[in-house]
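Values quoted throughout were computed directly from the atomic coordinates according to the rules given, and no laboratory measurement underlies them. In this text, all values refer to a predicted model and were calculated from it rather than measured experimentally. When we count neighbours, we look across all protein chains shown, and the Cβ atoms used for this are built from the backbone with ideal geometry, even at glycine.
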Amino acid sequence: MGGAEVYCAICGGPVSVPFWEDGDEEEYTYDLTVVQEDRLDLEWLKDVRVIGEDPASTGLSRIWVSGVASHDEHGYFYLEEGDPVMELFGEESLRTYAYKGHHSFALPYHQTCRTLLSKYLNVGSDDTENDGSDGIDNDMFFQVLRQLADTSEYAQALKLDYGSVSKNQEQYWCVSRGDEHFVHSPLDIPRLERYLVRIPWMEHERPMHYALPRGQYDASDPISTLPMELRWSILLHLDMPSLMYLFQTCRALYATQRSSSWWRRKLLADMPWLFEVSSIEAVVTEEWARVYKDMWLASRYTPSAHKITGLANRRRIWEEILPQIAGPYEKLQKESARTDLPDILKGASSTGLRRLISPEPEVNSSFRYYFAQSIAGLRDAHIEFHVHLDQEQFIRGLHFAEGPQRSEQSAPTQDAFDFPTTVESVQVPANDYLTGIIVTSREIPEGEERSRKIVGLEFLLGSSTSQQVGSTDGDRRLIHVSKDHFAVGIETFSSSEGGLSRLSLLQQPALLSRGIDRFSSQGSTLDHVNLEAAKYLWRKQIPPPGVQISEHHSGYWSYAMEKDLSPMEPLIFGTTDAELADITAISIDVLFGGIEVRYGSRPSRSIGPRNLAMKTLAIDGQGGERVVALKYVVTYIPMGIRIVTNYGRQLVVGQTSRRQEELMQYPHQDPDTRQFTHLVGMYGYWSSRDTPKSRLEAVGCLFAAELGGQHQGATEMPELASGQSPLWEPSAPSGVREVGPILGDFSVKESLGINSRTLEVLDHCPTVSWIDCSRPLLEVRVTLCHSFEERQVPLSAITFKYADGAKEEVNIGPEIHPQSPIDTQGDGNDWCWCTLSGRKTKDELSVHPHYKQHVWELRDKRLQSVRVFLSPIDEEVGRGSRLAGIQFIAEDGSESPKWSHWNFSSDDGYVIESIAFTDERIGLKLFMGETRRSVTYEDTIVYALQAMERLV
Ligand SMILES: [Zn+2]
Ligand SMILES: [Zn+2]
């Protein structure tokens, strides 16, 4: 639908200079004689600031205000270079009016309109220009604006009544003849200034050329007996038509209007927006009646010779909009005047208000609870919380309970919920204190939508014990005091409709707690919690103490990922060397559905929603093999993972790209501290976890500085063949070499929409593997996925189960572990990404699931040869032949099935080649590359093969 504009939160006008074109109908242009009146430029429209909130801020005020911001489109604003707000978010532009955006709600306003608001509130000092403060409290100002937020997806302004300007607030600002006043500065009005300086001299300029009809004399009129002062006050509150009527009917009142000073008072009462008048108070003029009339005409919206457009705009904003902002602001002002910051909060910081639920209620109030008036008062403070649970046992409120030390700090509406609650009380023992709170939450389906609700609160105490309310089963969020700090209170966002939505601890430096007995056990707690874990929400389990957490890596599809609502899943490989030595294998789902670690004597551990097609790297943990490096390829989402061990063996899933990969190499030595860190695990975040379209959106590393009894070999980094392409997986063979032609090598010109490109298939195969075909076999298993190309076998995996020795299995590609199917196609098959691809064979999708495994039993026989079906590429578009199918032949002449693409028929003119295995020719090299379906996740398949022979 193209772009859209947003409007000033205060005046509702455009935040850039509007334009129209020469050919536009006059009705949709501005009258240039009006727009250029007084050489008035429209630059003030560009002096825009953005105000917003940083809930993660550790200061007690979380509000930021940008410098000059220029509007782009869709509510995005660019800030000037070096603007601290840019650095705060680390982004190039800020989005406004996005209630559900990834950074907090922010909105734009004209600096001029804010100054006008300050005059309305009468809070600005005369020195505003000099001291840079306009007297508006940003916290209260933002709180008011946020409560007026329009929460719809394409909001362009606040949810207040913008009055006459709302008709112009279309997708783009509507320029319309007669409405020029909307774009004129309400403060900088040269024509008004020129008029006002003339006031003292007016009486000499021209006679007052309008006269009111004389009132009729009535001696019995009781009004004539009233003192003048009283008569004035009665008339002050009447509008013009009533006044005119009264002047005509009552002589005593008629006399009143002849007093210029009465008109001055009337002007101040009726036109508070003409604040300049108060500064010319000392000037005597007999012409206030005329000033009144002139200003009344000048400030009307309808075009006329009297209209002063800037003044008309000022009056409009003042009368139509500012009361809606000033009313709630003044209410907050009164409330805050009653609650001065107590001693205990002076100089305090916050742990950052973490978002706990979704959707976030539209209206929130922030509440601060503190444990005592002063730090000394903590000595015998009674600390007790009330946890409010609704009827479904979801936690909806957290308050500081009544107690001896409670003062008026508690919010007046603290117990008001729009739903019934029961209360559980949590007491911190007199010799103990609060160090943190773990919030457990879960995503709950609610019709089409999903919402996150709090199911448990665990209060962590200094004695390393805790008190639990509700459940611990769900996603876990640690909210904890910083190192060397102690808690003095809590802060919450809460609303009567949504309940508790954000939470932080208020804290002071530990130094200040000296001499208070209940804090004497401090110091032990940090052995029990992982403070670094507080930066993410964790699925089920918070990483244990001692584990360091890298920043997550996510792609540009995840720009809207909200950290507070995206549970990371931690996979701990091991936190001691004994645990790492017990590892026997690591597997990753080739479509990024999950990661698993298996152990010799421990239960396996896995993360992710779907361990369906697992590609495995066997690891000889007992023999000293350790994972020492992780690589990610992150483009629009994480698209490749590569794991490397100190034995120079590796597992590659998805893309490998030297350009984009991010290497996390362990053991890593910190250049400053010279301390070594070791890889102990990784983590990931999957979106839409319970659907087949679930995506891995973010990945990161877990590492540790110290590992008990670290194995010596584990600090040796192998020669990583990073510069060499293709990569051998799991490792380059020794004692063998390639021989003969590469079967399946081809190049072909492909058209993709309007583009065409040439696919050189071997360049497209970043990994190669080899498999020993000389040993006796129990069985061969082959996995085919859905076809994506006519005449190309979609060969996902080959597994050889050997009959000799330890009867080991060697896998090229993934092993399929069918799970409970998510039958969204209605035919008994799992949904698969092929559904979204243009390259699919529809009838195939309904016949078998995405992966189909075939087993060919050999019962201790060797292979005699492999037969390869090749489909030559049309010479006009390329060269070489595609691999269309393969078939193994055993030493006794028995044949495996022909594994081939969908709709394969032997008489389709394939070229058949054969590789016979001999004493020298003992194996196959397989060239692995991605399918080309153009969907989120591609399979890796065998594109080509080549014989391998023994080196003599
Ligand atoms: Zn404005
Ligand atoms: Zn499929």
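Relative to the longest principal axis of the Cα atoms of the chain, the long axis of helix 138-147 lies at roughly 80 degrees. Each peptide in 860-869, 755-764 gets a packing score, the mean of other Cβ atoms within 10 Å over its residues, and the list from highest to lowest is 860-869, 755-764.
Averaged over residues, the count of other Cβ atoms within 10 Å places the peptides 600-607, 60-67, 561-568 in the sequence 561-568, 60-67, 600-607, highest first.
Measure up LYS801/LYS840; LYS46/LYS167; LYS631/LYS861; LYS749/LYS840 against 28 Å on the Cα-Cα distance and list the ones that go over.
Going by Cα-Cα distance, LYS801/LYS840; LYS631/LYS861 fall outside the 28 Å limit.
At a Cα cut-off below 17 Å, give the lysines reachable from LYS293, other chains included and same-chain residues fewer than 8 away excluded. Reachable lysines: LYS266, LYS307.
The Cα-based radius of gyration of region 476-598, divided by its Kirkwood radius, gives an Rg/Rh of 1.05. When +1 charges are put on Lys and Arg Cβ atoms and -1 charges on Asp and Glu Cβ atoms, the dipole computed for the chain relative to its Cα centre reaches about 1000 debye.
Grab the DSSP H runs of the chain that are 4 residues or longer, score each as -39,500 (n - 2.57), total them, divide by all residues and round the 222 nm result to the nearest 500 deg cm²/dmol. Walk me through the intermediate numbers first.
On the way: 17 runs with 136 residues, N = 952.
Rounded to the nearest 500, the figure is -4000 deg cm²/dmol.
Provide the net charge surrounding ARG605, with neighbours chosen by a C-beta distance below 14 Å and charges set as Lys +1, Arg +1, Asp -1, Glu -1.
Counting the neighbours of ARG605, the net charge comes to 0.
Based on the alpha-carbon gyration tensor of region 906-952 and its eigenvalue square roots a ≥ b ≥ c, which shape applies: rounded if a/c is under 1.5, prolate if not and a/b is larger than b/c, or oblate? The shape class here is oblate. Take every Cα pair under 8 Å whose residues are at least 6 apart in sequence, average their separation, divide by the length of the chain, and the relative contact order is 7 percent. Each part gets one Cα centre, and for region 348-377 versus region 917-952 those centres are 59 Å apart. Averaged over residues, the count of other Cβ atoms within 10 Å places the peptides 780-790, 727-737 in the sequence 780-790, 727-737, highest first.
Starting from the Cα gyration tensor of region 518-578, take the square roots of the eigenvalues, sort them a ≥ b ≥ c, and report rounded, prolate or oblate (rounded when a/c is under 1.5, otherwise prolate if a/b is larger than b/c, else oblate). Verdict is oblate for region 518-578.
Mind checking which aspartates and glutamates have their Cα closer than 17 Å to the Cα of LYS453? Skip sequence neighbours fewer than 8 apart in that chain. Here the aspartates and glutamates satisfying the reach criterion relative to LYS453 are GLU360, GLU362, ASP390, GLU392, ASP418, GLU443, ASP473, ASP475, GLU497, GLU562, ASP564. Does the chain classify as rounded, prolate or oblate by the C-alpha gyration tensor (a ≥ b ≥ c root eigenvalues; a/c under 1.5 gives rounded; else a/b over b/c gives prolate, otherwise oblate)? Prolate is the answer for the chain, as a/c is 1.5 or above and a/b outweighs b/c. Taking the longest Cα principal axis of the chain as reference, the axis of helix 260-270 is set at about 20 degrees. Helix 288-298 and the long axis of the chain differ in direction by around 30°, with both axes built from C-alpha atoms. Over region 733-950, the hull volume per residue, using the convex hull of the C-alpha atoms, is 136 Å³.
Which distance in Å, rounded to a whole number, links the C-alpha centroids of region 827-892 and region 477-515? About 60 Å separates the Cα centre of region 827-892 from the one of region 477-515. Going Cα to Cα from LYS346, which lysines come in below 21 Å? Please leave out same-chain ones fewer than 8 positions away. LYS346 reaches LYS334, LYS483.
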